[in-house]
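Here's the structure, in structure tokens; my notes come after.
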Amino acid sequence: MHPKMRQGTAVLHLISGVGVKGPACFLLEVAGLRLMLDLGEGPPPGLFPNVDDIAPIDALVLSHGHRDHVGGLSLLPKLGNPPVYATDIVLRALPEGVAGRRLPVRGRGDVLGIALETGRNGHAPGGIWLRFAIGDGLLYTGDFCAESMLYAYDPPPPASTALMDCSYGAYEVPLAECWNKLASFLERGPLLLPVPANGRGPEIALALLRHGRTDIFVDDAMQKALRALGDGAGISLRDTIGDDIKRLASTVKPIDGARGIMLAGSADGTSGATARLFGAWQDKPEPAILFTGYVNPTTPADQLVKSGRAQTMRWNVHPRLSDTVALVQATQAKTVVPAFCDRPQLTALATAFAPARITMDERIEL
């Protein structure tokens, strides 16, 4: 137990991911145990949480498999190589040698005897929120989205403290309007959409198919992701979506030149097919290049946007303000820690979440 903890007190430490855009990393001290919640990298490549004075920890618990939540696994030796708890879908994608422990996608389990409940987060394959049975409940949402047409979202149960995704702050544009914005680009000729294959990529492809587009071309990572969604990863999907995914997987074709609507990763061009495609097309008028998520500074994506070669829009994969307000009310949270947003958002969120207490304090007693 940390020397500053009182006997029986549970404490949440905000290591990274609150107050400024950065990798997800939080430390929970409870019942003599030290549990880390996520261990990310980025968004800018090479940005890691400072864990120099934290070791050892007893377990790492992962909410989902995106880089800003799991990209810091190279730091595990510094932390004593603890076991890593995640869903099967996330564990299968982790590096060899990680000591994995299974969490349910939906259900009840425990981490070293600390009881928890999980549910689907509407954001990514195998992605979950976690409600720890500590005091009157601690909810960690990781990233979540209540709007996704592809990924299922299970409303969490009540919890007195909520460490929750507020990535979009006071933003309130619905997903339907995101489609309208995207549709305005579709008739202008060939279009490249750099996307993560294990997130919004398959969802945008599904939206294209449902709106009658069959000229959809994808890279190998997207092909693999669509096959996985039709198989074991299907547990993360909305009910009745299975047939649409099978139809989508049989419709898409490999990228072969600048034609149709192309979806490829990585989303920032630092690796994968887009690293090659950006180099081939950055000095040509076609295809148009459209980024639909956060553009990492100093990356090829950032350079294309700043040069005017690429454009940006948002495809919702995080909660709008109305979604976060609804979650605070539904969980009856008394204390809310808004994660993954900048500190200037705090005033607007405090007004919206009242009467809940809003805090970004680095140390929070539960």
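The values are calculated or read from the model by the stated rules, or taken from the named source; none is laboratory data. Computed from a prediction, not measured in an experiment: that's the story for all the values here. Glycine also receives a Cβ, built like all others from the backbone with ideal geometry; neighbour counts cover every protein chain displayed. All accessible areas refer to the heavy atoms of the entire protein, side chains included, with ligands and DNA or RNA removed. Shrake-Rupley method; radii C 1.70, N 1.55, O 1.52, S 1.80 Å.
Numerical summary
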read-out: Amide H contacts under 5 Å for Ala152, placed H, 5+ residues apart; value: Gly122, Leu237, Arg238
read-out: HN-Hα J in Hz across the range 116-129 - Karplus 6.51, -1.76, 1.60, θ = phi - 60°, x for Gly and Pro; value: 8, 10, 10, x, 6, 9, x, 10, 7, x, x, x, 9, 9
read-out: Cβ-derived FRET efficiency at R0 22 Å, Arg259 paired with Ala183, nearest 0.05; value: 0.75
read-out: For the chain, size of Cβ-based charge dipole, Lys and Arg +1, Asp and Glu -1, in debye; value: 280
read-out: Length gained when the stretch Ala31-Thr9 is fully extended (0.36 nm per residue, less Cα-Cα span); value: 7.1 nm
read-out: Normalised contact order of the range 242-365, rounded percent, pairs of Cα under 8 Å and 6 or more residues apart; value: 15
read-out: Efficiency of FRET between Arg276 and Thr298 - r from beta-carbon atoms, R0 22 angstrom, step 0.05; value: 0.70
read-out: Stretch gain in nm, segment Val325-Lys224, where the contour uses 0.36 nm per residue and the Cα spacing is subtracted; value: 32.8 nm
read-out: With Cα atoms, 0 to 90° folded angle of helix 220-229 axis to the chain main axis; value: 60
read-out: Placed amide H near Ala59: partners under 5 Å, 5+ positions off or other chain; value: Arg34, Met36
read-out: Two-decimal ratio, the range 111-163, of alpha-carbon radius of gyration to 2.2 N^0.38 Å; value: 1.13
read-out: Sulfur and carbon atoms: percent of accessible area, the chain [1.4 Å]; value: 50
read-out: Cα long-axis angle, helix 321-331 against the chain (0 to 90 degrees, to the nearest 10); value: 40
read-out: The chain: angle of helix 200-210 to the longest principal axis, Cα-based, in degrees nearest 10; value: 50
read-out: Per residue accessible area of the chain, 1.4 Å probe, in Å²; value: 41
read-out: Among the listed pairs Lys78/Lys306; Lys181/Lys246; Lys246/Lys306; Lys181/Lys224; Lys181/Lys253; Lys181/Lys306, those beyond 30 Å (Cα-Cα); value: Lys78/Lys306; Lys246/Lys306
read-out: Shape of the range 164-219, Cα gyration tensor, a/c cut at 1.5; value: prolate
read-out: Mean separation of Cα contacts under 8 Å (6+ apart) over length of the chain, as relative contact order %; value: 19
read-out: Per-residue HN-Hα couplings for the range 291-299 [Karplus 6.51, -1.76, 1.60; θ = phi - 60°; Hz; x = Gly/Pro]; value: 8, 10, x, 4, 9, 5, x, 6, 9
read-out: Asp243 paired with Lys334, simple spin-label distance in nm, labels 7 Å along Cα-to-beta-carbon; value: 4.9
